[in-house]
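Heads up, the thing below is written out as structure tokens.
Please treat every number below as a calculation from the coordinates, not as lab data. Since we're looking at a predicted model, the values are computed, not measured. Cβ sites come from the backbone with ideal geometry, for glycine too, and all protein chains shown count toward neighbours.
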Amino acid sequence: MRIIDLNCDMGESYGAYKLGLDESVIRHITSANIACGWHAGDPEVMDKTVKLAVDNSVGIGAHPGYPDLLGFGRRNMDCTPEEIRRYIIYQIGALSAFCAIHGARLQHVKPHGALYLAAVENEPIARAVAQAIISVDPNLIYVALAGAKGEMVRRIGKAVGLKVVYEAFPDRAYTPEGTLVSRRKPGAVIKDPKEVARRALLMAAEGVVVAVDGTRIPLEAQTICVHGDTPSAVELVRSIRETFKSEGIVLKPMGLISE
């Protein structure tokens, strides 16, 4: 029996601006990556999203990013590893406080956007993220990109004593090198629910993703991610869940299936 986690980026509204359909999406996922106020989110949104996760028995993760509200955390920033370490600690601490008041425990940490991709390529940044996580709570899971590109993050996480879970993205196009196609390029985000569900099944059942050039890239994923700011996010997660159920794949929060 194959067991896998289905996660989604959530809590990305800010002030008067609403982004995503969190109340609908959360009924179909098993883990939520909640923005911590730096690329998106604010104290009110964080509080409501944590409660939403608790009410739906969904695992809670911190989704820290660069201090870049204007760019939604998708722009690279020239920060030192030590600055990044402190940024991550700050954001984990903020979300942990909201977990505490709702009687919940933080399950994982998944960097957001440009910071996530920088950690894949830059060893000092990957190390800074790992050191930040373990300094706050050694029981937290470090979420890393599945496949060969994520091996450095996994190695660093393991070296400091963190649990590491590999993640794949059925709603994003992949390069032949195994990383995500830039959002600035056409077709980078896949929005068709049937296609996303098909890709998710391939990832979960066969451990493969098909790159833009047709290359079949092997990857081992324990969690599948759908982006909550995609307009069709509800249809995407519903379609994935139904497909997994029909194929006998069981969904559980990553904290229950991590290594």
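Can you list which of the GluC sites (Glu not before Pro) found in region 204-246 are DSSP loop residues with at most 15 other C-beta atoms within 10 Å?
Values: sites: E206, E220, E235, E242; in loops: E220.
Answer in residue order: E220.
Can you list the DSSP H helices in the chain whose Cα atoms extend at least 27 Å along the helix axis and whose mean Kyte-Doolittle hydropathy is -1.0 or higher?
81-101
If you restrict to DSSP beta bridges whose two residues both lie in region 3-256, what percentage is antiparallel, to the nearest 5?
20
At a Förster radius of 41 Å, what calculated FRET efficiency corresponds to the Cβ-Cβ distance of S24 and V212, to the nearest 0.05?
0.85
Which of H102, S31, I224 sits closest to the plus end of the dipole of the chain, meaning its Cα is farthest towards the positive end, when Lys and Arg get +1 and Asp and Glu get -1 on the C-beta?
I224
At a 10 angstrom cut-off on C-beta neighbours, averaged per residue, how do the peptides 113-122, 12-21 rank from highest to lowest?
The packing order, highest mean first, is 113-122, 12-21.
What is the extension gain from R75 to K185, computed as 0.36 nm multiplied by their sequence separation minus the C-alpha to C-alpha distance, in nm to one decimal? Before the final figure, lay out each step's value.
Values: separation 110, 0.36 × 110 = 39.60 nm, distance 1.48 nm.
Extra length from R75 to K185 when fully extended: 38.1 nm.
Could you please state, rounded to a whole Å, how far the C-alpha centre of region 203-259 is from the C-alpha centre of region 46-76?
20
What are the principal axis extents of the Cα atoms in region 21-147, in Å, biggest first?
Result for region 21-147: principal-axis Cα extents of 38, 31, 30 Å.
Mind checking the full-extension length gain between E242 and I257? Use 0.36 nm per residue of separation minus the Cα-Cα distance, one decimal, nm.
My answer for the length gained is 3.4 nm.
If I stretch the segment between N56 and E151 completely, what's the gain in nm (0.36 nm per residue apart, minus their alpha carbon distance), one decimal? Before the final figure, lay out the partial values.
Details: separation 95, 0.36 × 95 = 34.20 nm, distance 3.24 nm.
The span from N56 to E151 would gain 31.0 nm if fully extended.
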